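Please treat every number below as a calculation from the coordinates, not as lab data. The model shown is predicted, which means the values in this text are computed figures rather than measured ones. We place every Cβ from the backbone using ideal geometry, glycine too, and count neighbours over all the protein chains shown.
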Amino acid sequence: MSHIKIELRKEDVDFIKGVCATFNNDPQELINVLHSCQEHFGYLPAEVQEVVSDGLNMPVAKIYGVVTFYSFFTMTPKGKHPISICLGTACYVRGAEKVLEEFKKELGIQVGESTKDNKFSLSSLRCVGACGLAPVVLVGDKTYGRVAPDDVKNILKEYE
Amino acid sequence: METIKLTIDNKEIDVPKGTTIYKAAKELGIDIPTLCYMELHDMGIENKPAGCRICVAEVSGRRTLAPTCSTKCEPGMVVKTHTPRVLNARRTVMEFILSDHPKDCLVCSKSGTCELQDMAHRLGIRDIPGAEYAAVSTYRMDTSPSIIRNLDKCIMCRRCEMMCNEVQTVGAISAVNRGFMATVAPAFEQNLEHSTCTYCGQCVSVCPTGALTEVNHVPQVLRALVDPTKTVVVQTAPAVRAALGEEFGLAPGTLVTGKMTAALRALGFDYVFDTDFAADLTIMEEGTELLDRLSRHLKGDTTAKIPILTSCCPGWVNFFEEYFPDLKDVPSSAKSPQQMFGAIAKSYFADKIGINRKDMVVVSIMPCLAKKYECQRDEFSVDGNPDVDFSISTRELASFIKQANIDIKNLHDEEFDNPLGESTGAGVIFGTTGGVIEAACRTAYELYTGKKLERIEFTELRGMGGVRSATIDFDGLPLNIGIAHGLGNARKLLDEVRSGKSQFHAIEVMACPGGCIGGGGQPLHHGNSEIIKARAAALYTEDRKKPLRKSHENPFIIKLYDEFLDKPGSEKAHHLLHTHYFDKKKKIMIKK
Amino acid sequence: MSKYSMHLLVCGGTGCHASESDAIVCNLRDELEAKGLMDTVQVIMTGCFGFCEKGPIVKVMPDNTFYVQVKPEDAQTIVEEHVIKGRKVTRLLYKDPVTRESISDSKHMGFFKKQLRIVLRNCGFINPENIDEYIARDGYLALGKVLTEMTPEEVIKEVKASGQRGRGGAGFSTGLKWELARKNQSDEKYVVCNADEGDPGAFMDRSVLEGDPHSVLEAMAICGYSIGAGNGLIYIRAEYPLAIERLKIAINQARENGLLGDNIFGTGFSFDIKLRYGAGAFVCGEETALIHSMEGLRGEPTVKPPFPAESGYNGKPTNVNNVETFAAIPAIILKGAKWFASIGTEKSKGTKVFALAGKINNVGLIEVPMGTTLREVIFEIGGGIRNGKKFKGIQTGGPSGGCLSEKHLDTPIDFDNLIAAGSIMGSGAMIVLDEDDCMVSMAKFFLEFTVEESCGKCAPCRIGNKRLHELLGQICEGKGTLADLDRLKNMSIVIKDTALCGLGQTSPNPVLSMMDNYYDEYVAHVTDKKCPAGQCKSLMEYVINPDNCVGCTACARVCPVNAISGERKEVHHIDPAICIKCGACMEKCKFDAIFIN
Amino acid sequence: MSKITSLADLKKRREELKSGLDIRVKAIDPENVVQVKVAMATCGIASGAKTIMEFFLEQLDRRNIAAVVTQTGCMGYCYAEPTIEVKLPGQDPVVFGFVDLKRADQIIEKYIKTGELVDGIIPVNYQTIDLKE
């Protein structure tokens, strides 16, 4: 039985309900709804999923099942500057793993984690399609190409 | 009907178009092994995600092996189910599955009834290569009032997910995560207790492994039995007697009422009573409520809620509290037989034998897992002392009997104790879909018309259809009855009630497919719906053998009202035998 | 209308976009504005030119000058020198990696010489955000022809006759697929474009959508007319924001022009297209999984049959083709099946787009006729292996494909030849590997991808691939045995044979093909405990050559775990039991005294 | 923007729009069209090369001649400015000097259309197609 109380600000609830309404409260539009919510909140906490469940009239377990299926969706907030290292094949054979290791070392965090001050978070992704620039690192919207482990410090410096 | 000719293992067969290879093979006596496939034929329930890949076979013209459970027969198909290629594939896949499964079979509660264990044995697996470095997916254990989830043992057959979502429409669990960490869990992988779970236990009843099991209350019962200060009273639900024998190798549908009574006595229970007695009592209260609402309704009283819904089934109660809280004054306010029994045992009967209710322990033997949750509800206790202390399932009882080395098959039949052991045939049929409403009709008819019921059996109310309806002639008043078993079917009727379109005067709902005989606490049916049908037949047989078959004729019921309760629906009856429901729908709170 | 005498095409593909090609456009326009040349010189941002290795690219028309690795600050030079004075900016020209000579006209670059652009006909040529340019290139003419001159059956016949096979992976005949969808009667049918290009190292679909979105829209409408569908859906990765943006613009422009929507060309045929977003699941490239994802569900595949043509989106007949397949359709209709069928090999017609990446000089997007050999692709178009290393293998078809070796270099590329060689066409990713790549580690890398992307529905993929990955890890660490190689093979064969969908059925391909082609390397790992490519850390041993060591102690001081001992001015020694193979000592040593054994 | 309501409509629109892409289309294969290069260095511009270039652009189009008109740097014939180089498909390039509007018209009408040589040809002593190909 449900004992959890979900607490959200009214405008957040209204926003989510509004998103559901734009998609006609149609459960088939779940993924589009989740995209909109993640864009707005930066991540998809349990509370948001509960409201979506209410809006689309579908079990929250199913929503969680979808959120955990797709790697694009996250339930943890990203850092102010999310860092993604492409580990697609082209980047991998051109040394992306070493770049990733360097980021881990410099930031002291693992993939999927954020720094304590929530400034940086680290994730890996598969192919952004800029294979000519391999290895590729994304910080927020900015793309860094042909990154070598030695460049990592300088990249981070830009955000200090 | 169009038929298809094909060859399976060099044997030709004609099957109707649309038949799967798996079923066609079965017709030929070829039992293809499978772990995820499951069908309850008569209830239209089928699980075939084609995920375990154990049932694969070679099919002519196909590059890869085909899952027979979900591959339809085609004309001229040549199927081979046991070539070296198939056997090697099956064994290797089985090794994969076992490599991601705990190896604690010896102490697993499913040991002996585990389909995975059986399959390992059947395929002759003697070794799990690479086990020394193979990662095993592990998850947090979760114990709710009724169900234990140990997902380390989940093999992703998805049967539970199918039961919870498609059959029951409860939606408490879903496949979550991806790849190696995929499993079936409630939202946010919280405890089941925090989900919309109704504890119907249908997930448990289909789980092939030890991933989903009931909470075992036998140790607590044992502790009560050895405590000399406690008087331990046991009640047994109708569906138990029709299924318990299966755990001891008896054919499905073998009635073991007398042997069960003897075994319970041998286990040391002080009084062995029958929930059927409380079922008769339920009919008195619920039937009275029905007639009251009906007559007010017929007089044009719009406050009289019609249809009335039965309320014996705790899974069903949990369901409408969660999904239809707006309709919570529609179901009958009568408690379930388990709780009526507890309330009477700890008042009327405790007084009678002169003990304090605190010194009495009431144990129920139930085909049900939701009963474990029900007896723990706050409203069913007095000063913290529950009316029913422990509810154990048919399976737990069987295990208890085995532990106590009681040879139940060779026990002599014994009778229930009095006064709470006497019941009519009406109480017996409570255990099957349609039974409660048939019992109610037997009594309501006579009370309403004042005439004697000539034809006791309302066969039009029986059967295994998921949603059934019948009109009973109450001496000129056509009474429209609806019946649903399985919560998904119940939802259909409830939606009609909500929208005001329901044509029924009374609706019986049981959460489990087949009713209590198919309950979550029953011996596992392993996808054989014949077993469930045999149990139903057994209950109708017991009913037929009873000298009294209408609840209001039960002499001990009559005596109970005379001595204690006054009359059905009296203030005292209301206090002890009726309840109220709660809105349990999740609320979204606005942060201030 | 002003008459431009010169066009400056700037690549706006994701790769170049990431390298600030939009700033180049701005700067060029500013410069032209300053020089008063806005009326005579037009700056156009196009889709991908394909030559991603040297992006961002600026192409000057009409003299076809091809500038590479242009920076925003180069805009001034281009305008002042080339536009005004007509002098090519030599330093921005492409230099042949072998002859070191500058080449100005892209036609003369090895990269473009062997290419034949059908699918990419408009990529890097037109402004994808302007429907007029597409129309000027005969856009929507095929749709017009189909709607006014052909019956649906005739269209299907034509597509069948062209011999085109689905470019998404399996290579099923496009025309046959359409025919199946047409045959199934239903009140509603759907045309779905699979733009969920999840294959790492593949970006051809994205490039088409970014560079020529209308060709896909037009083809979907043609398909809709043929199978009797009025609704189109494009399932596109959310990771492709630029492609999504351009698609949205294209759909709107097509609607405004009456080329999508009700009563197209006044023929009574109506067709509209909606976008659905993927959310990062490789398995959604499988059509049944894709359909479930579009329905808002977990993208888990289901058993086929029933095929989507029978029961697809919302249970209705659905035709799913990928971007590249669609993009060729207008050309097939306009130029005819015969023309298309004249290109390619006997069973694989037309051209195929490949994303060439890895240890190769010219990373980029190429389109070649089916039947081109791997050698031509790698050494002529691709410009050979980077840094003068030796070619070792080429992984085609992404993680689902196989790795082909030296002996396959002269194999003409087509669907059947690749399968026969133990790989697949897949979506067309080609990753070139050189002598430094360890074939056990590569197999492990691909399996890691599959393990991460497995949906978890069927046991062989969910658990089996995990086991394959673990066992490859054991071998990389020197813990494998010869018997393990047999197990590796058996597990791979069984996974291929039993997995539910295409993802699982192809996931062992890298292992199987690499074991086939580089068996000795696998044996070296398990019997000699050696990694011939020097990639597997556990199998490496750092050793000090006593002849070179002068005892400077630099290595000992830099070693983080104190594994190096030795007196000053005496030969040092590395204790392999302590060494963590970080390589710091080797980097520090000025005397080349440390080497890997 | 008006809707396209018929195939004829689309074809009409295509014809209108086609010229916008002309430069690019011809550039794909300049060997098959007439290539005109106008020397547009300082001295060329000073002696009116810009007018000549615009004339070629406009007139070649008007007279339906598939051609590519580009500018190039100083050809080294400063004495003969404005100079232009014309290359007909499959032929060697020919350089004309002292090109005024009248001579430009002659070049189009005679040399480009019929291949007949006109006055003002400068003997070519170097290749203008720059750099190495």
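Can you list the aspartates and glutamates whose alpha carbon is less than 18 Å from that of A:K105, not counting same-chain residues fewer than 8 positions off?
A:E97, A:E113, A:D117, A:D150, A:D151, A:E158, A:E160
Write out the GluC sites (Glu not before Pro) in segment C:523-597 meeting two conditions: DSSP loop, and at most 15 other Cβ atoms within 10 Å of their Cβ.
Within segment C:523-597, the qualifying GluC sites (Glu not before Pro) (loop, at most 15 other Cβ atoms within 10 Å) are C:E541, C:E567, C:E570.
Loop-only trypsin sites (Lys or Arg not before Pro) in segment B:456-549, please: DSSP not H, G, I, E or B, and at most 16 other Cβ atoms within 10 Å.
Sparse-neighbourhood loop trypsin sites (Lys or Arg not before Pro): B:K501.
Compute the distance from the alpha-carbon center of segment C:507-548 to that of segment B:317-337, in whole Å.
Here the two parts' Cα centres lie 68 Å apart.
Roughly how many Å is it from the Cα centre of segment B:105-174 to that of segment B:362-439, as a whole number?
Each part reduced to its Cα centre gives a spacing of 28 Å.
Report D for segment C:6-113 in µm² per second (integer): Stokes-Einstein, Kirkwood Rh on Cα pairs, 4 °C, 1.567 mPa s.
95
Could you tell me the extents of segment C:131-341's C-alpha atoms along the three principal axes, largest first, rounded to whole Å?
The Cα atoms of segment C:131-341 stretch 41, 36, 33 Å along the principal axes, largest first.
Would you mind giving the three semi-axes, in whole Å and largest first, of the ellipsoid equivalent to chain B according to its Cα gyration tensor?
42, 28, 24
What is the set of long-range amide H partners of B:S144 at a cut-off below 5 Å, with H atoms built 1.01 Å from backbone N?
The list, which skips near neighbours in sequence, is B:R149.
Hey, any idea what the orientation-averaged projected area of the convex hull of segment C:541-596's Cα atoms comes to, in nm²?
Directional mean of the projected Cα hull area for segment C:541-596 stands at 3.1 nm².
Using the alpha-carbon centroid of each, what span in Å lies between segment C:254-323 and segment B:1-31?
35
So what is the diffusion coefficient of segment A:10-67 in µm² per second by Stokes-Einstein at 4 °C and 1.567 mPa s, using a Kirkwood Rh over Cα pairs?
120
At a Förster radius of 45 Å, what calculated FRET efficiency corresponds to the Cβ-Cβ distance of B:D562 and B:H41, to the nearest 0.05?
Calculated transfer efficiency: 0.40.
Where a Cα-Cα gap under 19 Å defines reach, which lysines qualify for B:K572, not counting those fewer than 8 residues away within the same chain?
Candidates past the 8-residue exclusion: B:K335, B:K346, B:K352, B:K559.
Would you mind estimating how fast segment C:439-528 diffuses translationally, via Stokes-Einstein at 10 °C and 1.306 mPa s with the Kirkwood radius over Cα pairs, in µm²/s?
Diffusion coefficient, whole number: 126 µm²/s.
Work through the residues other than B:K585 whose Cβ is under 10 Å from its Cβ and net out their charges, Lys, Arg +1 and Asp, Glu -1.
Taking every other residue near B:K585 into account, the sum is -2.
Excluding same-chain pairs closer than 8 in sequence, count the lysine pairs in segment C:6-113 whose Cα atoms lie under 27 Å apart.
Final tally of qualifying lysine pairs is 27.
Work out from phi, with θ = phi - 60° and the Karplus expression 6.51 cos²θ - 1.76 cosθ + 1.60, the ³J(HN,Hα) of each residue of segment B:573-579, listed in order in whole Hz, and give x for Gly and Pro.
Karplus values, whole Hz, x for Gly and Pro: 4, 4, 4, 8, 10, 10, 9.
When the convex hull of the C-alpha atoms of segment A:67-160 is computed, what volume per residue in Å³ does it have?
91
Residues with beta-carbon under 10 Å from that of B:H526, excluding B:H526: net charge, scoring Lys, Arg +1 and Asp, Glu -1?
Local charge sum for B:H526: -2.
Collect residues whose amide H, placed 1.01 Å from N in the peptide plane, falls under 5 Å from the amide H of B:I45; neighbours closer than 5 in sequence don't count.
Under 5 Å from the amide H of B:I45 lie the amide H atoms of B:L40, each far enough along the sequence or on another chain.
Long-range amide H contacts for D:Q71: which residues qualify at under 5 Å (H placed 1.01 Å from N, peptide plane, sequence gap of 5 or more or a different chain)?
D:V38
Rg and Dmax of segment B:291-335 over Cα atoms: what are they, in angstrom?
So, for segment B:291-335, Rg and Dmax equal 11.5, 33 Å respectively.
Based on C-alpha coordinates, I'd like the Rg and Dmax of chain A, in Å.
Rg then Dmax for chain A, in Å: 18.3, 54.
For segment B:99-214, compute the orientation-averaged projected area of the C-alpha convex hull (one quarter of its surface), in nm².
7.4
Apply the Karplus parameterisation 6.51 cos²θ - 1.76 cosθ + 1.60, with θ equal to phi minus 60°, to every residue of segment C:534-543 and state each ³J(HN,Hα) to the nearest whole Hz, in sequence, with x for glycine and proline.
These are the phi-based 3J(HN,Hα) values: x, 9, 7, 3, 4, 9, 9, 9, 7, 10 Hz.
Working only with C-alpha atoms, what are the Rg and Dmax values of segment B:336-455, expressed in angstrom?
That works out to 17.2, 52 Å for Rg and Dmax.
Report, largest value first, the span of the C-alpha coordinates of chain C along each principal axis, in whole Å.
The principal-axis extents, from largest down, are 91, 65, 40 Å.
Across the protein assembly as shown, how large is the tail of the calculated P(r) beyond 60 Å, expressed as a percent of all Cα pairs?
Percentage above 60 Å: 31.
From the phi of every residue in segment C:475-486, what ³J(HN,Hα) in whole Hz does the Karplus formula 6.51 cos²θ - 1.76 cosθ + 1.60 yield, where θ is phi - 60° and glycine or proline is x?
Computed from phi, the couplings for segment C:475-486 are 5, 4, 8, x, 9, x, 10, 4, 4, 5, 5, 5 Hz.
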